[in-house]
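Peer 1: I'd like to ask some things about the structure below.
The values are calculated or read from the model by the stated rules, or taken from the named source; none is laboratory data. Everything numeric here is computed off the predicted structure, so don't read it as measured data. Cβ placement follows ideal geometry from the backbone for every residue including glycine, while neighbour counts extend to all protein chains displayed. SASA here: full protein model, heavy atoms, side chains in, ligands and nucleic acids out. Shrake-Rupley method; radii C 1.70, N 1.55, O 1.52, S 1.80 Å.
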Amino acid sequence: MAFVPLFPLAQLTDQTLRKVKVAGKNIIVVKQGEAVYALADRCSHEDYALSEGFLEPGKICCSMHGAAFDLKSGAALSLPAYEAVPTYPIRVHEGMVEIDID
């Protein structure tokens, strides 16, 4: 794995999401409690930006039609989506949020 630093963890507020672009990919980074997650910034149902959606405990919901996705696995949790969204390995190392997109 080749982790790439994104930003200091202190810049990621709990219960919010942050859009980043890494190697041409639009990604959202989410912090809930002590956990940090990274998912593709697109709903698998309508190719709509998940960064326009909202967070609930353990999931992100698309604002277009309400499809929900598990933050950890990207699995679709509710219709109208039935396909998962890609997730990426992410970690906090020496105070920096780092992602592996390979």
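Peer 1: List every residue pair whose Cβ atoms lie under 9 Å apart, where the two residues are 6 or more positions apart in sequence or sit on different chains, the first residue falls within segment 80-102 and is on the phi > 0 side of the Ramachandran plot, and the second residue, located anywhere, is outside any loop (DSSP other than H, G, I, E, B) and surrounded by fewer than 20 Cβ atoms within 10 Å (Cβ to Cβ).
Peer 2: 95/8; 95/9; 95/10
Peer 1: Could I ask something else about it? Give the number of residues within segment 31-46 that are within 22 Å of residue 94 (Cα to Cα) and either surrounded by fewer than 18 Cβ atoms within 10 Å (Cβ to Cβ) or without any contact (Cβ under 8 Å) to a residue 24 or more places away in the chain (or both).
Peer 2: 4
Peer 1: Just to be sure, is residue 28 open to solvent by less than 30 Å² (accessible area, probe 1.4 Å) and in contact with a helix residue (DSSP H, G or I) (Cβ under 7 Å, 6 or more places away or on another chain)?
Peer 2: Working: open to solvent by less than 30 Å² (accessible area, probe 1.4 Å): yes; in contact with a helix residue (DSSP H, G or I) (Cβ under 7 Å, 6 or more places away or on another chain): yes.
When the stated conditions are applied, residue 28 passes them.
Peer 1: So, of the residues in segment 1-13 that are surrounded by fewer than 13 Cβ atoms within 10 Å (Cβ to Cβ) and part of a loop (DSSP other than H, G, I, E, B), which turns out to be modelled with the lowest pLDDT?
Peer 2: Taking the candidates together, the pick is 1.
Peer 1: Residue by residue through segment 47-97, note down the ones that are open to solvent by 80 Å² or more (accessible area, probe 1.4 Å), more than 20 Å from residue 21 (Cα to Cα) and among the charged types (D, E, K, R).
Peer 2: 83, 94 - these are the residues of segment 47-97 that are open to solvent by 80 Å² or more (accessible area, probe 1.4 Å), more than 20 Å from residue 21 (Cα to Cα) and among the charged types (D, E, K, R).
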